[in-house]
Amino acid sequence: MLRLAVLGSPIAHSLSPAMHRYALSSLGLEGSYEALETPLEVLKDHLEEVRREYRGVNLTIPLKEAALPLLDWVSPEAQAIGAVNTVLSVEGRLLGFNTDAPGFLQALKAGGIPLMGPALILGAGV
């Protein structure tokens with residue numbers, strides 16, 4: 001059974017658990033997805049719990065940046081961006097990825113927005 005979660009603070013408002021539980025169910029996968037309240041000061045402890053008890057987690061800001069030095073491996077893309085939003089636990093190792101950037105670029109392409117030249121992106125980060 002897959003045990004998954006989103007880590008952040010505050011996190012109780014997150015729609016991630018409902019969305020991911022639905023996705024698991026729709027795909028016929030046995031698993032759980034929960035929200036773990038994770039203030040910055042307990043990130044290291046929670047990642048150690050992930051290492052032992054979870055298949056993977058998603059991270060919210062500011063945990064995305066703070067997690068980098070706590071992981072065993074970080075993808076080149078996540079290193080270049082300076083943030084991870086997805087952590088996989090594989091054989092006791094924590095592997096960090098950033099799926100935000102590829103997802104954003106795919107959404108632009110799907111919307112017919114050309115990916116050329118400089119761009120300014122404004123957002124609230126929530």
**Item:** Inter-residue pairs, beta-carbon under 9 Å, first in contact (Cβ under 8 Å) with a residue 40 or more places away in the chain and in region 34-58, second in a helix (DSSP H, G or I), 6+ apart
**Value:** LEU47/LEU70; GLY56/VAL50; VAL57/HIS46; VAL57/LEU47; VAL57/VAL50; ASN58/SER16; ASN58/HIS20
**Request:** Kindly list, by first and then second residue, each pair from a residue in region 1-13 that is exposed (fewer than 10 other Cβ atoms within 10 Å of the Cβ) to a residue that is outside any strand (DSSP E or B) and aliphatic (A, V, I, L, M), limited to pairs with Cβ atoms under 9 Å and residues at least 6 apart or on different chains.
**Result:** MET1/LEU29
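Does GLU77 fit the bill of being over 13 Å from the mean Cα position of the chain (by Cα) and either of a type outside the set (Val, Ile, Thr) or within 28 Å of ASP45 (Cβ to Cβ) (or both)? Can you show your working first?
Numbers: over 13 Å from the mean Cα position of the chain (by Cα): yes; either of a type outside the set (Val, Ile, Thr) or within 28 Å of ASP45 (Cβ to Cβ) (or both): yes.
Yes, satisfied.
Please enumerate the residues belonging to region 14-33 that are of a type in the set (A, V, I, L, M, F, W, C) and either in contact (Cβ under 8 Å) with a residue 12 or more places away in the chain or in contact with a strand residue (DSSP E or B) (Cβ under 7 Å, 6 or more places away or on another chain) (or both).
Residues of region 14-33 that are of a type in the set (A, V, I, L, M, F, W, C), as a first pass: 15, 18-19, 23-24, 27, 29.
LEU24, LEU29, listed by residue number.
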**Request:** Among the residues of region 1-47, count how many are modelled with pLDDT of 95 or more and over 16 Å from the mean Cα position of the chain (by Cα).
**Result:** 12
**Item:** Selection from region 37-54 of residues that are within 15 Å of ARG93 (Cα to Cα), surrounded by 15 or more Cβ atoms within 10 Å (Cβ to Cβ) and of a type outside the set (Val, Ile, Thr)
**Value:** HIS46, LEU47, GLU49, ARG51, TYR54
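The values are calculated or read from the model by the stated rules, or taken from the named source; none is laboratory data. Please read all numbers here as calculations on a predicted model, not as lab measurements. Using ideal geometry, Cβ is built from the backbone for each residue, glycine included, and neighbour counts are taken over all protein chains shown.
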